[in-house]
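J.: Below is the structure I would like to discuss, written out as structure tokens.
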Amino acid sequence: MILVSNIKEETVISMASVITSPTFGFFSIKKSSKDSRTLKNKNGICHGIKAMRMEKPLEELYNVRVERKVSPERLKELGVSRWSMWKTNKSKLPWDWQVDQLVYIEEGEVRVVPEGSQQFMQFVAGDLVCYPKWFEADLWFNGPYQERYSFRAYGDD
């Protein structure tokens, strides 16, 4: 502690700058586009770095769970054959879920556009989808569609 108090402020600042300096200190950087940079080292070798924006899948953002290509054993375990059936043709429906809902898609496909989003989730025949309570979205059906559904109360498995 006494040693630190005797170190000059300039030394501490220069030590901090060494510790926090970027690892590409010996490269020269030239901007080549909005999302990428070109780096040249002292030998003239170029290295490109592409900036990537990592986003979570919509299913994760909106807490929509999906199981793809569900096995007959899993369907039997859930009792899907006893669930209510719903059908439609080409259409668009605004929808909101008041409770959790399990849906098994038997035929067709649906694009689910969450409220306020311009992106969509796509589910097809063979998918088991769990929509969470209070989720709101537009559902787009491009042709014949059939599903079996079950509303889930708190504590249902």
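J.: Once you list every other residue whose beta carbon is under 15 Å from the beta carbon of E106, what net charge do they have if Lys and Arg are +1 and Asp and Glu are -1? Could you put the intermediate results ahead of the total?
T.: Values: positive: R68, K69, R74, K76, R82, K87, R148; negative: E67, E107, E109, D127, E147.
Around E106, the surrounding residues sum to +2.
J.: Relative to the present Cα-Cα distance, how much length would full extension add between N63 and F120 at 0.36 nm per residue of separation?
T.: Numbers: separation 57, 0.36 × 57 = 20.52 nm, distance 1.37 nm.
Taking 0.36 nm per residue and subtracting the Cα distance, the gain is 19.1 nm.
J.: Using only C-alpha positions, report the orientation-averaged shadow area of the convex hull of segment 68-152, nm², one decimal.
T.: If you wrap the Cα atoms of segment 68-152 in a convex hull and average its projections, you get 5.2 nm².
J.: Something else: Starting from the Kirkwood radius over alpha-carbon pairs of segment 71-121, derive D by Stokes-Einstein at 37 °C in a medium of 0.692 mPa s and give it in µm² s⁻¹.
T.: On the way: Rh = 13.5 Å.
The calculation lands on 244 µm²/s.
J.: On full extension of the chain, what length is gained from K133 through R82, given 0.36 nm per residue of separation minus the C-alpha to C-alpha distance? Before the final figure, lay out each step's value.
T.: Details: separation 51, 0.36 × 51 = 18.36 nm, distance 2.19 nm.
Difference between extended and current length: 16.2 nm.
J.: I would also like to ask the following. What FRET efficiency, computed as 1/(1 + (r/R0)^6) with R0 = 30 Å and r the Cβ-Cβ distance, is obtained for Q146 and K56, rounded to the nearest 0.05?
T.: 0.50
J.: Keeping every protein chain in place, order S91, S81 by accessible area at 1.4 Å, biggest value first, i.e. largest first. Please report the intermediate quantities before stating the final value.
T.: On the way: S91 35, S81 95 Å².
Of S91, S81, the descending order of accessible area is S81, S91.
The values are calculated or read from the model by the stated rules, or taken from the named source; none is laboratory data. Just so it is clear, the model here is predicted, and its values are computed rather than measured. Here the Cβ is made from the backbone with ideal geometry for all residues, glycine too, and neighbour counts use every protein chain on show. Areas reflect the complete protein model, heavy atoms only, side chains present, ligands, DNA and RNA absent. Shrake-Rupley method; radii C 1.70, N 1.55, O 1.52, S 1.80 Å.
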